[in-house]
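To keep things clear, I will list the structure first and then write my remarks on it.
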Amino acid sequence: MNLNQHKIYLAPLRGVTDSIFRNVFEHYFGNFDFLLTPFIPTVKGTIVNPSHIRDVLPEQNDCTRVIPQIIGNDPAQFLILAHALLDRGYQTVNWNLGCPSPQIVRKMRGSGLLPHYDTIKWFLDSVLPHLRCPLSLKVRLGYETEQDLLKLMPLFNEYPLQEITVHARTGVQMYNGVVKLDEFQKCSSLSNHRIIYNGDIVSLSFFETLTERFQSVNGWMIGRGVVANPFLLGAIRTGTHKRDVARLHAFHNDIYKLNREILFGPAHLLGKMKELWSYLAQSFPEKPKLLKNILKVTRVDQYERLMGEVFGE
Ligand SMILES: Cc1cc2nc3c(=O)[nH]c(=O)nc-3n(C[C@H](O)[C@H](O)[C@H](O)COP(=O)(O)O)c2cc1C
C-alpha cells in the first residue's frame, strides 16, 4: 500500500475536536491532511457574529487544511455563513447531511434530510451557482435505510462537488451497531466523486482491512479512534504503534490548561474533560476503573489530584 496517496482526515466530534483539541493534537501526534470542524449551524440575518464562528477564526486554524462544516437547510443562510468563512481565509466548506440527533432530524437537517431527495436537489440547485468555493458533503448511508444514499448518489453526480465523506451507518443507528461495509461499497460504487470512508477506524488492522477491500478509496476520516488512541494516526502513517504516556500527559495538560483559560466555572471545565476522557480512557487499559473515577469527580482540585495519580506526577 502506498500511503502517500492516502489522505487522512480528522472527523468532527462536536464538544471534543474543537480548535484547542485540533491544535494540541497536531502538536504532539502529527498532522492530519485535513481536519473537518464540528458543525456550525446556519443563522438568521445577514451578519455572522464572530462569536458564532469562534472555533474557526483563522488565528487558531490553518485555513488550508481545516474545513469548516455547516449544518442547515436554508440556501440563503448557508451562503451567508459560507461566504463569511471564505472572507476569513477558508477555501472550501462542507455540508452536514449526517447528524442523527433527534432535535436536528426533527428540523429536517443533517441525516433528517437524506430521505428528502427533492429538498436536497433544490438546496444544491439554489446554493451551488452562487457559492464562491468548492462544496463537499458528509453523509450517512441514509436515515433509516441505505436506499436513501443509493438514490442520492446519481443526483450528486450531476453537481461539481469536491468530495463526499460517507459514514457507513444510517441515521437511526446513531453511533451504535456495526458499520455497514457492503452498503458502503454499493453506494460508493455509484459515485463519480471522490469518496472518503468514515466509521469505526479504531485500529491499524481495521484500517488495513478497509484499504485492502476498498481499493478505489484513498481518503479516510477518523474520529473516535484517534481521540481514544492519539497514537493511531502515527501508527497508520508508519505501520508501527508505540504508546508514550509522557506524551499523553503533556497532551492532556495542554488541553486542560487551554480550556481552563476559556471555560468559566468548574462544571464547564470538568464536563469538557470528562467528554475527552470518555474516549481517552481507552488509552489506559491497565486502569479499568479510570473513567468511572473521573466521571465521579465534582471539583477541580479532585480532578487535578486524580490526574497526578494517573500520570504519576
Ligand atoms: C460526540 C460526537 C459528536 C459528533 N459531531 C459531529 C459533527 O459536528 N459533524 C459531523 O459531521 N459528524 C459528527 N459526528 C460524527 C463523526 O464525525 C463520525 O462520523 C462518527 O463518529 C463515525 O466516525 P468514527 O467512528 O471515526 O468516530 C459526531 C460524533 C460524535 C460521537
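Given the criteria away from the ligand (no atom under 11 Å from the Cβ), of a type outside the set (S, T, Y) and open to solvent by 30 Å² or more (accessible area, probe 1.4 Å), does N176 qualify? Spell out how you get there, then give the answer.
On the way: away from the ligand (no atom under 11 Å from the Cβ): no; of a type outside the set (S, T, Y): yes; open to solvent by 30 Å² or more (accessible area, probe 1.4 Å): yes.
No; evaluated as a whole, the condition is false for this residue.
If I filter region 262-285 for residues that are assigned to a loop (DSSP other than H, G, I, E, B), modelled with pLDDT of 95 or more and not assigned by TED's automatic domain parsing to the domain that holds E208, do I get at least one hit? Break it down into steps so the answer makes sense when it comes.
Looking only at region 262-285, we keep the residues that are assigned to a loop (DSSP other than H, G, I, E, B), and these are 263-265, 284-285.
Still in the list and also modelled with pLDDT of 95 or more: 284-285.
If we keep only those that are not assigned by TED's automatic domain parsing to the domain that holds E208 as well, we get 284-285.
Looking for residues that are assigned to a loop (DSSP other than H, G, I, E, B), modelled with pLDDT of 95 or more and not assigned by TED's automatic domain parsing to the domain that holds E208, one finds at least one in region 262-285, hence yes.
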Within region 181-200, can you find the residues that are open to solvent by 20 Å² or more (accessible area, probe 1.4 Å) and at positive phi?
D200
The condition of being open to solvent by 20 Å² or more (accessible area, probe 1.4 Å), more than 26 Å from I53 (Cα to Cα) and either out of contact with any Phe, Trp or Tyr (no Cβ under 8 Å at 6 or more places or on another chain) or away from the ligand (no atom under 16 Å from the Cβ) (or both) holds, among H130, H116, only for H116
Only one of these conditions is not met by Q215: (1) among the polar types (S, T, N, Q); (2) more than 17 Å from the chain's Cα centre (by Cα); (3) within 16 Å of the ligand (Cβ to nearest atom). Which number is it?
(3)
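Mind listing just one residue for me: the one in region 229-245 that is among the hydrophobic types (A, V, I, L, M, F, W, C) and open to solvent by 10 Å² or more (accessible area, probe 1.4 Å) and, of those, nearest to P38 (Cα to Cα)? Before the answer, list the steps.
From region 229-245, those among the hydrophobic types (A, V, I, L, M, F, W, C) are 231-233, 235-236, 245; that's our starting set.
Still in the running and open to solvent by 10 Å² or more (accessible area, probe 1.4 Å): 231, 245.
Numbers: F231: 21, V245: 28 Å.
Looking at residues that are among the hydrophobic types (A, V, I, L, M, F, W, C) and open to solvent by 10 Å² or more (accessible area, probe 1.4 Å), I get F231.
Can you tell me which residue among L3, L13 is modelled with pLDDT under 95 and open to solvent by 10 Å² or more (accessible area, probe 1.4 Å)?
Just a single option satisfies the conditions, and that option is L3.
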The condition from (1) closer than 21 Å to D33 by Cα; (2) open to solvent by 20 Å² or more (accessible area, probe 1.4 Å); (3) assigned by TED's automatic domain parsing to the domain that holds E304 that N253 misses is numbered (1)
Residue ID - nearest to the ligand (Cβ to nearest atom), chosen from residues in region 147-168 that are in contact (Cβ under 8 Å) with a residue 40 or more places away in the chain and of a type outside the set (V, I, T)
H167
Just the residues that are near the ligand (Cβ under 9 Å from one of its atoms) and assigned to a loop (DSSP other than H, G, I, E, B), please, taken from region 88-100.
G98, C99, P100
One residue from G171, G225 being farther than 19 Å from S111 by Cβ, in contact (Cβ under 8 Å) with a residue 12 or more places away in the chain and not assigned by TED's automatic domain parsing to the domain that holds S283
G225
Which condition from (1) touching a residue at least 12 places away in the same chain (Cβ under 8 Å); (2) within 27 Å of I201 (Cα to Cα); (3) of a type outside the set (K, R) is the one that A82 breaks?
(2)
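The values are calculated or read from the model by the stated rules, or taken from the named source; none is laboratory data. Small disclaimer: the values here were computed from a predicted structure and weren't measured. Cβ coordinates were reconstructed from backbone atoms using ideal geometry, including for glycine residues, and neighbour counts include every protein chain displayed. For accessibility, only protein heavy atoms count, side chains too; no ligands or nucleic acids. Shrake-Rupley method; radii C 1.70, N 1.55, O 1.52, S 1.80 Å.
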